[in-house]
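Contents: one structure, followed by commentary.
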């Protein structure tokens with residue numbers, strides 16, 4: 001369902017994704033859905049260390065030190081791990097936004113907004129669905145086993 005013709009290293013089919021993602025993860029990561037504001041488990045999650053990974057493929061996306069409180073109702077990050085996130089123009093809903101996806105599997109993460117005046121090093125807000133993420137308290141994420149259904153939801 002991707003509107004982009006970009007190819008990603010992780011090339012699983014929709015049926016393969018359904019086998020490892022729950023329905024809500026599939027809706028958001030593979031069908032570009034959005035969770036309700038304030039509903040995500042990482043919205044108010046502020047660890048001192050660790051890494052946020054893609055809930056689909058476990059690729060590292062954001063460091064805990066990238067996270068900040070934006071008050072938007074979704075986890076907010078001012079930057080990503082270099083090369084981890086790919087940006088696409090999103091013209092859905094009659095407006096132009098910048099969609100962000102996992103560079104490894106193309107899973108939908110959310111959108112990035114610029115120039116909102118937050119006191120961060122980049123003046124960007126990566127507005128990310130919690131459902132798109134997993135968290136590892138270590139600096140390096142633990143890779144889940146192939147076909148490890150349910151493992152992506154452990155925190």
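Of note:
- Screening 46, 62 for residues that are more than 18 Å from residue 9 (Cβ to Cβ) and either touching a helix residue (DSSP H, G or I) at 6+ places or on another chain (Cβ under 9 Å) or modelled with pLDDT under 95 (or both) leaves exactly one candidate, 46.
- Lone qualifier among 71, 56, 40 - being surrounded by 14 or more Cβ atoms within 10 Å (Cβ to Cβ), assigned to a loop (DSSP other than H, G, I, E, B) and either more than 11 Å from the chain's Cα centre (by Cα) or at pLDDT below 95 (or both): 40
- Of residues in segment 1-37 being assigned to a loop (DSSP other than H, G, I, E, B) and free of Cβ contacts under 8 Å to residues at least 60 places away in the same chain, the one surrounded by the most Cβ atoms within 10 Å (Cβ to Cβ): 37
- Against the list (1) touching a strand residue (DSSP E or B) at 6+ places or on another chain (Cβ under 7 Å); (2) part of a helix (DSSP H, G or I), the condition residue 93 fails is (1).
- When segment 123-154 is filtered for residues that are surrounded by 12 or more Cβ atoms within 10 Å (Cβ to Cβ), modelled with pLDDT under 95 and assigned to a loop (DSSP other than H, G, I, E, B), the ones remaining, listed by number, are 123, 137, 141, 142, 143, 144, 148, 149.
The values are calculated or read from the model by the stated rules, or taken from the named source; none is laboratory data. Being a predicted model, the structure only gives us computed values, none of them experimental. For neighbour counting, all protein chains shown are included, and Cβ atoms are generated from backbone atoms with ideal geometry for every residue, glycine included.
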